[in-house]
Every structure is written in C-alpha cells, then in structure tokens.
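What follows draws every value from the coordinates through simple rules; no lab data is involved. Please read these numbers as outputs of a predicted model, since none were measured by experiment. Note: ideal-geometry Cβ built from the backbone for every residue, glycine included; neighbour counts use all protein chains shown.
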Amino acid sequence: GQQLNQSPQSMFIQEGEDVSMNCTSSSIFNTWLWYKQDPGEGPVLLIALYKAGELTSNGRLTAQFGITRKDSFLNISASIPSDVGIYFCAGQNRGSTLGRLYFGRGTQLTVWP
Amino acid sequence: DGGITQSPKYLFRKEGQNVTLSCEQNLNHDAMYWYRQDPGQGLRLIYYSQIVNDFQKGDIAEGYSVSREKKESFPLTVTSAQKNPTAFYLCASQLDRGGYEQYFGPGTRLTVT
C-alpha cells in the first residue's frame, strides 16, 4: 500500500514552543486528515481538509492542504503537556470506490514542562 | 452515546489458537476497517468492508479473516496462520465508501505467546 512520508519522526520540545510537522505523498489526494493518538488508545481526528490551499484551525492547531495536493502541514502553537502523543497524517481520495485512508508513520511529540 | 467499541481491551492467547476481536459501531456508518499497529509504525490496513456481506483485503490480510453480517459489526479473526500476531488492533468506521472522516475505536492489544 501507499505510504506517506511524515516528518519529523519525533520531536522534543519545551512547553510553550510552537510545533510544525508535515506529510508528503507521491500521489495527489483530495482529502487530508490529521489524527492524534494517546498511548494505548485509538487515534482521534483533529482536523479534516478538503480543498487544495485550505487552511483550517482547531484551537491551537492549524493545518494546511498543500496547493499541489501532495502535501499537508500541521502546526501546534504554544504547546502544553497534554499535546504529548503521536500525530498521524492521512490522505484520502473522497468519492473513489474505495475511500480508504493512507497513513504516515507518525510524529512522536514529547513536551517538557 | 454514538461511537465505536472494541472488546476486550487486552487479549492473551497461546500460539496456535485462533482469536476473534470484536468491533461494534452505532454511528450508522456503511464502511468499516481493521488496522494493525506495531511500535514505531503507522497504521496498516488488514481488511475493510464498504457494505454488509462484502469485504476486501487490505495490505496485510494474510493470516486474518473477517465477516460483515450486520452493518454495526465487523469482527476480525486472527488465525494461527498469522506469523506475528502480537500487535495493537484498531477498528474504524466511515460514513460511506466515498469518503468523509474515519473514526477509530479504542483498540485491542493482542499478545500471543
């Protein structure tokens, strides 16, 4: 299956810092999704993007759908300890017969107080 | 409450035994998915079903089987043919095959010794 390239693989930051991570693909998608997973739990949907160039915010989180449709970015501002977890990007071609998601390997975020 | 339930949370089995993982959703979603997650890896698709009585193999279907007799339920059987069954298994559902956001259950951690 197609694998998305997500970077960085891990991040160690101090509380209050901003965080940026990105995801790239060799194929285009018409939907990008960002999930967060806490240890031992299922991923939780953070943001969904449906249009190239779209910029969407959810609290301190902001995500962008790249103009080429082959990439997406997630920014977290003023990080707090509860931001710790694994962040996954996923691409989808909405309207196709499959509708399946293709996932990146995740970015492990650690926030030090 | 609407959502996806997976049971049990932890499952232990001896090598050579088949084991079935439960996944139920009350979101009235047509599509359901099973993923496997190993440490440091992304989510790998095992099987998916877009409608009742129909399902397709994902990227790593060998050693697994599924059924979809009811819209709400999509159980996964890990057979003795699966060479490395110890993993975290996640079930997800989606409104329909055309896309929209995919939502995850809390996961089942299977340990086979």
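Within the listed set A:F29, A:F65, A:F12, the residue fluctuating most in the Gaussian network model of chain A (springs between alpha-carbon atoms under 10 angstrom) is A:F12. The modelled label-to-label distance between B:T77 and B:Q41, using points 7 Å beyond Cα along the C-beta direction, is 2.3 nm.
Rounded, prolate or oblate for the stretch A:14-113? Axes are the square roots of the Cα gyration tensor eigenvalues, ordered a ≥ b ≥ c, and the cut-off for rounded is a/c under 1.5.
Prolate, since a/c reaches 1.5 and a/b exceeds b/c.
Of the peptides A:101-112, B:52-63, the order by per-residue mean of other Cβ atoms within 10 Å, starting with the highest, comes out as A:101-112, B:52-63.
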